[in-house]
Amino acid sequence: MLTVEPAIIERYVRAGRVKLVFRDVLNHGERSQRTSEAAACAGKQNQFWQMHAILFERQSEVYATSNDKLVDLLLTWGKELRELDQTAFAQCLTARAPLKQLQAADAEQRARGITSQPIFEINGKRLAGLQSIEAMTAALDAALK
Amino acid sequence: MIRQFFVCLAALALGLTACANATPAPSAPTIAPTAMPATRAPSTPTIAPPTLPATPAPSAANVIPQSVTQDGFFALGNPSAPVTLIDYSDFM
């Protein structure tokens, strides 16, 4: 979704025609878990999509960071979200508050065949793998007819 | 022959002491790079501000309604939009 997401948001989501829902797939161990937890912790303060954008934009930095330094990195990024209560965000992140819920959702999804990413569902119709903007637009337009 | 040997040895010893005396000298250049932060300092304020607006999506997220679905997932956009696009993805 990474590359086509901004265009989809501009064309369909901002216009009120499409609701975009993000569901985490935990395919890369600790890094997946920690980044998803950061997004969920920001989400508790209505800042999920802001953190979502930061995380996708800086994937290479997460890859380059050792597991024991991930929390520090994510806390630093949290500071960029000015409306985020930093104390609550830090508590959420260090306590790993959303982890069980994320793991449960991931397990439920795997039981339904969601084992790779990205996978999309447009009103229940599944599209697997990265999609071009043309393919995504065609699928969304068909669903909107 | 022996005399020549001692002369060489003395010359070598002098050379080594000269080198030993010279060892403080390299520390001078190593000090110079540590002074670099002073020159770097002014650039930090210019780096800090652009990091926030660099991400396009936060601005969209700031103006488009955010919600949480009944099953607890984060959603962006009109909660009653005719089409729901679920993105199963990994931040990695």
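I need every pair where a residue in the range A:112-140 that is in contact (Cβ under 8 Å) with a residue 12 or more places away in the chain and farther than 18 Å from A:Ser32 by Cα has its Cβ under 8 Å from the Cβ of a residue that is assigned to a strand (DSSP E or B) and polar (S, T, N, Q), sequence separation at least 6 or different chains.
So the pair list comes out as A:Ile122/B:Thr84; A:Asn123/B:Thr84.
Between A:Asp72, A:Asp85, A:Asp24, A:Asp68, which is of a type in the set (Asp, Glu) and touching a strand residue (DSSP E or B) at 6+ places or on another chain (Cβ under 9 Å)?
On the way: A:Asp72 fails: touching a strand residue (DSSP E or B) at 6+ places or on another chain (Cβ under 9 Å); A:Asp85 fails: touching a strand residue (DSSP E or B) at 6+ places or on another chain (Cβ under 9 Å); A:Asp68 fails: touching a strand residue (DSSP E or B) at 6+ places or on another chain (Cβ under 9 Å).
That would be A:Asp24, the only listed residue that is of a type in the set (Asp, Glu) and touching a strand residue (DSSP E or B) at 6+ places or on another chain (Cβ under 9 Å).
Can you pull out every residue in the range A:11-22 that is surrounded by fewer than 22 Cβ atoms within 10 Å (Cβ to Cβ), facing chain B (nearest Cβ under 7 Å) and charged (D, E, K, R)?
Step one: list which residues in the range A:11-22 are surrounded by fewer than 22 Cβ atoms within 10 Å (Cβ to Cβ), which gives A:11, A:14-17, A:21.
Applying the additional criterion that residues be facing chain B (nearest Cβ under 7 Å) yields A:14, A:16-17, A:21.
Once the filter is applied, which keeps residues that are surrounded by fewer than 22 Cβ atoms within 10 Å (Cβ to Cβ), facing chain B (nearest Cβ under 7 Å) and charged (D, E, K, R), the range A:11-22 yields A:Arg14, A:Arg17.
So, in the range A:1-10, of the ones that are of a type in the set (A, V, I, L, M) and farther than 12 Å from B:Ser89 by Cα, which residue ends up nearest to the other protein chains (Cβ to nearest Cβ)?
Residue satisfying both the conditions and the ranking: A:Ile9.
Would you mind listing the helices (runs of 4 or more DSSP H) fully within the range A:26-132 where at least 2 residues are under 28 Å from B:Pro82 (Cβ atoms), at the interface with another protein chain (Cβ under 9 Å from one of its Cβ atoms) and modelled with pLDDT of 95 or more?
Ranges flagged: A:29-43, A:48-57, A:99-111.
Only one of A:Glu30, A:Glu37, A:Glu5 is closer than 26 Å to A:Ala111 by Cβ and either aromatic (Phe, Trp, Tyr) or surrounded by 23 or more Cβ atoms within 10 Å (Cβ to Cβ) (or both). Can you tell me which?
A:Glu37
With the requirement that a residue be of a type in the set (S, T, N, Q) and under 12 Å from A:Asp24 (Cβ atoms), what does the range A:86-131 give you? Spell out how you get there, then give the answer.
Let us first name the residues in the range A:86-131 that are of a type in the set (S, T, N, Q), namely A:86-87, A:91, A:94, A:101, A:103, A:109, A:115-117, A:123, A:131.
Listed by number, the residues that qualify are A:Gln101, A:Gln103, A:Gln109, A:Gln117.
Looking at (1) buried (at least 22 other Cβ atoms within 10 Å of the Cβ); (2) within 17 Å of B:Gln66 (Cβ to Cβ), can you tell me which one A:Val25 breaks?
Of everything listed in (1) buried (at least 22 other Cβ atoms within 10 Å of the Cβ); (2) within 17 Å of B:Gln66 (Cβ to Cβ), A:Val25 misses just condition (2).
Each row is one residue, and each column tells you yes or no for (1) exposed (fewer than 13 other Cβ atoms within 10 Å of the Cβ); (2) among the aromatic types (Phe, Trp, Tyr).
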| residue | (1), (2) |
| --- | --- |
| A:Phe120 | no, yes |
| A:Arg126 | no, no |
| A:Ser132 | yes, no |
| A:Lys145 | yes, no |
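The values are calculated or read from the model by the stated rules, or taken from the named source; none is laboratory data. Treat the numbers as computed from the prediction; the structure is a model and nothing was measured. Positions of Cβ are backbone-derived with ideal geometry, glycine not excepted, and every protein chain shown enters the neighbour counts.
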